[in-house]
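Peer 1: My structure is below; once you've seen it, I'll send some questions.
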Amino acid sequence: MAAHRRLGPSDPALLGARAQLRLEPDIGPVSCFSPFQDRELVLDAAELGAGGVLLRPSNGRMEVERDGQRMVVSAREAIFLAGGGPASLWLRHVDRVDCLILASDRITANMLESSASLRVFPQNNDTLVLLGNYGAALMRGLLPMSGPVLLQHACAYMGDLVDILCGEAEAQAPHTVQDRAAARLNAIKSDIEAHLDDQALNASQIALRHGISTRYLQKLFEGEGETFSEFVLQRRLDRAMRRLQSPDEGKRSISEIAFDVGFGDLSYFNRTFRRRFDTSPRLVRAKHRAVLAGPVMPELPEAGSV
């Protein structure tokens, strides 16, 4: 049976979640709701009392860094972490992370190899879809789990699926040319998101990392009616807008925010920001501060005054 309760300040919370949904008795699947956003989260499977954990964000994106490697996990994609040292995670606009925690005795060589390379599994991977559907059925009480034999079988089955997932030669690359191009473009966009604050970011650099020509990179973006530069600019402007509206960024100057999101020229930032949003960064910040401050009550006239 699934158990759902809101966590208090003293309760241990995976990924800083405000609420968790897990099975009782606990056999591995956990859904973390409202996890911490935009801050570094250190995840160590050993500290979880586990050998490894599969992570799958429901939306937004999750950035994972370990041993000098950094990968971006987009909505409904997954990554498995086991062995080695702790990993650093950053969640961006993620409402829920579905996890599967595996005991140490269920960790295989395939899992360790996948974890070492920070391999990301696409959302349309057949094994991942099967694993997700099975876990969801368990969490919703749609499958009988009475008795230790069935519980043990469920644990073994989920562990076997993770082993198959990690052992596949390639995470089921899309079959059509169009699907392969779309998958490659999504990977490129995730890479851009992870390095958006790098002012030296350019098309040649990204193309080299993905083993394609700069011309082919441009063609991928042209297929969606934009250029590489236009995509990077729009994403930087969107990120700047969110930060200007964030109360946590209130003490940072507009120029600091502009440089932080990847702009190297303040006048260019102001000009393109106004063109995109039809207002200035200064007015956006002032308006948002006014909203946070709430309505100002008019002063009442003193007694006897007209």
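The values are calculated or read from the model by the stated rules, or taken from the named source; none is laboratory data. The structure displayed is predicted, hence computed values, not measured ones. So basically every Cβ, Gly included, is an ideal-geometry build from the backbone, and we count neighbours across all protein chains shown. SASA here: full protein model, heavy atoms, side chains in, ligands and nucleic acids out. Shrake-Rupley method; radii C 1.70, N 1.55, O 1.52, S 1.80 Å.
Peer 1: Within the range 225-257, take every residue that is of a type in the set (Asp, Glu) and farther than 16 Å from Ile192 by Cβ and give me the one that is least open to solvent (accessible area, probe 1.4 Å).
Peer 2: Step by step, filter the range 225-257, then rank; the result is Glu249.
Peer 1: Which of the residues that make up the range 258-270 are farther than 19 Å from Ile192 by Cβ and either outside any loop (DSSP other than H, G, I, E, B) or in contact (Cβ under 8 Å) with a residue 12 or more places away in the chain (or both)?
Peer 2: Selection gives Leu266, Ser267, Asn270.
Peer 1: Can you pull out the residues in the range 66-119 that are over 30 Å from Arg239 (Cβ atoms) and part of a strand (DSSP E or B)?
Peer 2: Passing the criteria: Ala82, Leu100, Ile101, Leu102.
Peer 1: Anything in the range 199-228 that is of a type in the set (S, T, N, Q) and either in contact with a Phe, Trp or Tyr (Cβ under 8 Å, 6 or more places away or on another chain) or under 25 Å from Gly264 (Cβ atoms) (or both)? List them, or say none.
Peer 2: Across the range 199-228, the qualifying residues are Gln199, Asn202, Ser204, Gln205, Thr214, Gln218, Thr227.
Peer 1: For residues that are loosely packed, with under 15 Cβ neighbours inside 10 Å and at negative phi, scanning just the range 76-94, find the one that is modelled with the highest pLDDT.
Peer 2: Out of the qualifying residues, it is Ser88.
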